[in-house]
Each structure stands twice: as C-alpha cells, then as structure tokens.
1. Using θ = phi - 60° and the Karplus relation 6.51 cos²θ - 1.76 cosθ + 1.60, list the HN-Hα couplings for the stretch 158-164 in order, rounded to whole Hz, with x at every Gly or Pro.
2. Would you grab the residues whose amide H sits under 5 Å from the one on LEU223? Only those 5+ places off in sequence or on another chain, please, with H modelled 1.01 Å from N.
3. What are the ³J(HN,Hα) couplings of the stretch 7-17, residue after residue, when phi is run through the Karplus curve with 6.51, -1.76, 1.60 and θ = phi - 60°? Round to Hz, x for glycine and proline.
4. Largest first and in whole Å, what are the equivalent-ellipsoid semi-axes of the stretch 156-237 based on the Cα gyration tensor, each being the root of 5 times an eigenvalue?
5. Enumerate the amide H contacts of GLU67 below 5 Å, restricted to partners 5 or more residues apart or on another chain; note that Pro and chain-start residues carry no placed amide H.
6. Computed FRET efficiency, Cβ-Cβ of ALA118 and GLU20, R0 22 Å: what is it to the nearest 0.05?
Amino acid sequence: MPASNNPHDALFRCLLENPEDAGALIREQLPPDIAAALSGRPPVLTDATFIDPHLRETRADRLYELELMNGTPALLYILLEHKSTPDAETPLQLLGYMVRIWQRYVDSGLAGGGSLPAIVPLVIYHGRKPWRVPLSVFDCIAGADPWKEQLRDFRYIVRDLGRIDDASLSRRPIVRAVLLALKYAMAEKAPREIIAEIVASLPEGSILEIQSLIYIVRTFSQLDRETLIDIVREARPGRRDDMVSLAAQEWLQEGLEKGIKQGRQQGLEQGLEQGIEQGREQGKSLGEVQGLAESIVEILTTRFGRVDPALEARLAELPSETLRQLVKRALTIPEPDSLLDTPSP
C-alpha cells in the first residue's frame, strides 16, 4: 500500500485493501437497484494509476471490476472526496476518468463490437458543508434544458457521510468503524462513545487498526490525549499497552514535525533541534533511544514507504547521540539504505 501524506487517504486506502470490506462498502453505498444487480463475488481491484498521475498520491481513488448477476463485468470507480468544501470540478473530472477507462478498454481490444462496460462513479464525501455540486456534467451546461434528454447525462453517485445516520453507515463493523472515523474527523466534536466504538471494532493487531489509531490521533483535534488513553483502556483492555504505545509514537512524531515546521522560518537546523527536543519530551515514557529510533523509522516510512526490518533492528541498537544525528539525515538522504553510510567530510 503506497504511503500517503494525507491521513484521510491513508485510512480509506487501508480499508479498501480488504476485498470483503471494499465489497461491503460498495454494495451498501450504491442505490439498492444497482447493488441488487451485482453478483456476490468480491470486487477485483484493477489498475487506476493511468487515470491521473497527479492524483496518484493525493486521493484514495480505486477502480474495481464487479460481476453482474448475468455474468457481465461492470466497472465501478470509487473516489474519496476529502476536501472541507465540495469540489465544483467533480462532474467534469469524473467524466474525464470514465473516458480514459473506456479508451484503455478499447485499446486493449476488449471492446468487441464496440461494446463498453458500464461505469458507476461513486464519491464518498465527508466534508462539513452539504454536497451541492451538480451530479452530472450536463447539469453544468448553461441553456441545455430544451435538449438535455438528447445529451444523455452521465451521473455519478455521492454519499455524504455527514448526512447519513450513524446506524445506517454499514452493517459490517469494520467498514462502519472507518466511516465513523471519517465522518467525525470533520465534526466539531466526536462523542466519546463513537470513538470507543471505532477503537473496539478494529481488527486486532491489523494494519487497519494501526492506521485508524494514527488517523484518530492526527485528525481528531478536539480529543485530548488523556481521554483517548482512557478510551483505549476501556474499549480494548487486551490491546491497551500496544495501542497506547502506538499513540505515544504518533504524538512524538507530531512533536518533531511541529518543531521542524516552526523552525523553518528561523533556519532548518534550529527547527530540527526544536523538533527533536519536543519529541524527546513527549517520548520519555517510551525511553529516549526507542523514541528516537521510532521517529527515524516514521520519517523514512513517510518518505519512502515500508522500512526494511533489518534497518529497524540496527537502529534499536544505536546510542541516543547517534540517533539524534540520524534524525536529521533521515530528512535528506536519497534512499533508506544510505542512512547509516558514513557522511562525506
């Protein structure tokens, strides 16, 4: 799963990694008449990177192939809209995606006799404001009313999580937990019982559990640390130590990032020192060496993706003074393998 700097994207992508969860989300968010036409087979993820390379790392776009009850394949394009305000370019954007998908279908020789697969664009939106963007590009064309029927509109479906009752988000607990997280991340305040439900519903020890907890720490700005720790202790007593440790690591990383960002105005070196100091203070409960090593791994993961476990093990054996220097190097090296290289004089 590619790394993403956007927490909304990262969480949504993580949910869609499981075909069963993706299938539940798709069937529950589609209109009933469309969902009823789908077979029970899980959706098959297909390559969508050709659609728009600029969006590859900034949106949780997914293209799935599903089978209809009559055996005919259908294509469903899922786009997570995570802006705080609705995007007026969505109708034209999705129409452009559909054209590219169909063109690839033709170029591959699959469009026998000029037949194209059906595409149902589905937007999952969780901004605060209601979605009032036209649902078809033809609704954006001025003066087209007299002959709009001749144009045949390509409508997309939008599911605004903020306007869906919590109980109706999903019958699948894992999917419901992620949708609740996305929904309440944009709210002024998330009820304690909602956060507890999210934490309790996550699959134990899974990547989705880790990603969801990171998401809560990063996006639930109204949630203080003590409350989150109490919720974790009550909702997941068996996972308490691991989840609290993970949250502490994320707070440590936030301290580093905040210090670095603030320090850039006064010089990168000063900002790094401030970030390290803040991170060290927040990570004392984990131990200085462990906290610094985990910060380096987090920086490398953000920049390059998954870090080699062998490198993580080597970092855990280094003294704190060396690790403090490596935090700086982790921000500038061209690849993870060069982290432990001896710097040129």
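What follows draws every value from the coordinates through simple rules; no lab data is involved. Since this is a predicted model, take the numbers as computed values, not measurements. FYI the Cβ positions are ideal-geometry reconstructions off the backbone, even for glycines, and counts take in every protein chain you see.
1. So the Karplus estimates, Gly and Pro as x, are 10, 10, 8, 4, x, 10, 9 Hz.
2. Under 5 Å from the amide H of LEU223 lies no amide H from a residue far enough along the sequence or on another chain.
3. Calculated HN-Hα couplings, in order: x, 4, 4, 4, 5, 5, 4, 4, 4, 6, 5 Hz.
4. The equivalent ellipsoid of the stretch 156-237 has semi-axes of 21, 15, 11 Å.
5. Amide H neighbours of GLU67, under 5 Å, 5+ apart: SER39, ALA74.
6. Efficiency at R0 = 22 Å is approximately 0.45.
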